[in-house]
Structures are given as structure tokens and as C-alpha cells.
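Contents: one structure, followed by commentary.
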Amino acid sequence: EEQSYKVALTYPSSDYIVNGDEENKKVTEQVTIDASKDDIVNKVLEQLAQSPKAEGAESVGLDKFDFSKSKLDGTTAVVDLSGDLSGGSLEEDVLARSIVNSLLSVDGIKAVEFTVNGEKAESLMGHVDISEPFTKNL
């Protein structure tokens, strides 16, 4: 059955992407998403993959990947990314940070774990360590 989840979607800021401003890395946008427990992870990712409406926010770059196999496992959001996972450290940092922070803002999600093509992996693109689940905001 569906319920309403309050989610703080996290996007990279234009200041960070364009100007490398380390102080203001992110912009958050409060949204309400109606979803069942089984769907909530994918619904958050679907929203995050779209262009942000928030001012001063840039796209996360999630739309380039298939995340349809992501799921909620107890209180852990398992985010499975597949596709051509190549990119620089900035891209990977933004992707991981945005996904982790957005999902951890959801009631009932205590950890975010990444898999790549259904398998455990050391990193997404070679820069960010994803061998352990994330339990706090990045």
C-alpha cells in the first residue's frame, strides 16, 4: 500500500560544478513522494534522475544509468547501477553524494549500499569507496 514520504532530494550546486566551490556543494529540494515500501527507492531515484527544479541546482547525471534493480532491503536501500559507469572523480562524487543524501532523508532508510550490475563493487567509477554501506550524509 502506498504512503507519502517526505524526501529531501540532494543535487549538486552550480557553484560546485561550475566554480568548484567546496563550501556550497549541494542544493536540496523538499518533495513528497507517494510510494509503497517496495517502490520508494526507485521512485526517489527516478525523481533524482530528472532535471532539478531547485534554483542553483545541476543535474545529478543519474539518467545515464539503469537503476531499475534498486530495492529496499529491510532498512537498507540497495542502489544497483548498471550501464557505462565511466566518469571523473567529480561526477562520481556528485552521483554518490546525491543518491546517499536523498535516500537517507527518507523515513525508514538507515543505510545506502551500492552494487554495480548486481554485484558488490569497490567503487562506481574508480574514485569513491562503496565497499561498505553509507549510514550518514556525505
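The values are calculated or read from the model by the stated rules, or taken from the named source; none is laboratory data. What you see is a predicted model; the values in this text were computed from it and never measured. Positions of Cβ are backbone-derived with ideal geometry, glycine not excepted, and every protein chain shown enters the neighbour counts. Accessible surface is based on the protein model in full, side chains and every heavy atom, while ligands, DNA and RNA are left aside. Shrake-Rupley method; radii C 1.70, N 1.55, O 1.52, S 1.80 Å.
Do we have ALA49 as among the small types (Gly, Ala, Ser) and touching a strand residue (DSSP E or B) at 6+ places or on another chain (Cβ under 7 Å) here? No. Scan region 113-125 and tell me whether some residue there is open to solvent by 30 Å² or more (accessible area, probe 1.4 Å), assigned to a loop (DSSP other than H, G, I, E, B) and among the charged types (D, E, K, R). Yes, region 113-125 contains at least one residue that is open to solvent by 30 Å² or more (accessible area, probe 1.4 Å), assigned to a loop (DSSP other than H, G, I, E, B) and among the charged types (D, E, K, R).
Of all residues in region 20-48, those being small (Gly, Ala, Ser), outside any loop (DSSP other than H, G, I, E, B) and open to solvent by 20 Å² or more (accessible area, probe 1.4 Å) number 0.
Among the residues of region 1-58, which ones are over 14 Å from the mean Cα position of the chain (by Cα) and among the aromatic types (Phe, Trp, Tyr)? Break it down stepwise before answering.
Narrowing region 1-58 to residues over 14 Å from the mean Cα position of the chain (by Cα): 1-6, 13-25, 30-39, 53-57.
Result: TYR5, TYR16.
Figure legend. Inter-residue proximity from region 5-30: first residues within 17 Å of GLN50 (Cβ to Cβ), second residues polar (S, T, N, Q) and open to solvent by 90 Å² or more (accessible area, probe 1.4 Å), beta-carbon distance below 7 Å, spacing 6+ or different chains. Indicated pairs: ALA8/GLN30. Only a single criterion out of (1) in contact (Cβ under 8 Å) with a residue 12 or more places away in the chain; (2) over 11 Å from the mean Cα position of the chain (by Cα) is not satisfied by ASP93, namely (2).
Listed here are the residues, each with its yes/no results for (1) closer than 23 Å to PRO52 by Cβ; (2) among the charged types (D, E, K, R); (3) within 11 Å of the chain's Cα centre (by Cα).
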position: ILE99; (1), (2), (3): yes, no, yes
position: VAL112; (1), (2), (3): yes, no, yes
position: THR115; (1), (2), (3): no, no, no
position: MET125; (1), (2), (3): yes, no, no
position: ILE130; (1), (2), (3): no, no, no
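Residue check: LEU9 meets all listed conditions (1) open to solvent by less than 40 Å² (accessible area, probe 1.4 Å); (2) of a type outside the set (S, T, N, Q); (3) part of a loop (DSSP other than H, G, I, E, B) but one, namely (3).
Do you know which of the residues in region 81-100 that are among the polar types (S, T, N, Q) and in a helix (DSSP H, G or I) is most open to solvent (accessible area, probe 1.4 Å)?
Initial filter on region 81-100 (among the polar types (S, T, N, Q)): 82, 86, 89, 98.
Add one more test, that the residue is in a helix (DSSP H, G or I), and what stays is 89, 98.
Working: SER89: 69, SER98: 2 Å².
Ranking the qualifying residues of region 81-100, first place goes to SER89.
In region 49-80, which residues are open to solvent by 20 Å² or more (accessible area, probe 1.4 Å), within 18 Å of LYS110 (Cα to Cα) and assigned to a strand (DSSP E or B)? Passing the criteria: LYS71, LEU72, ASP73, THR76.
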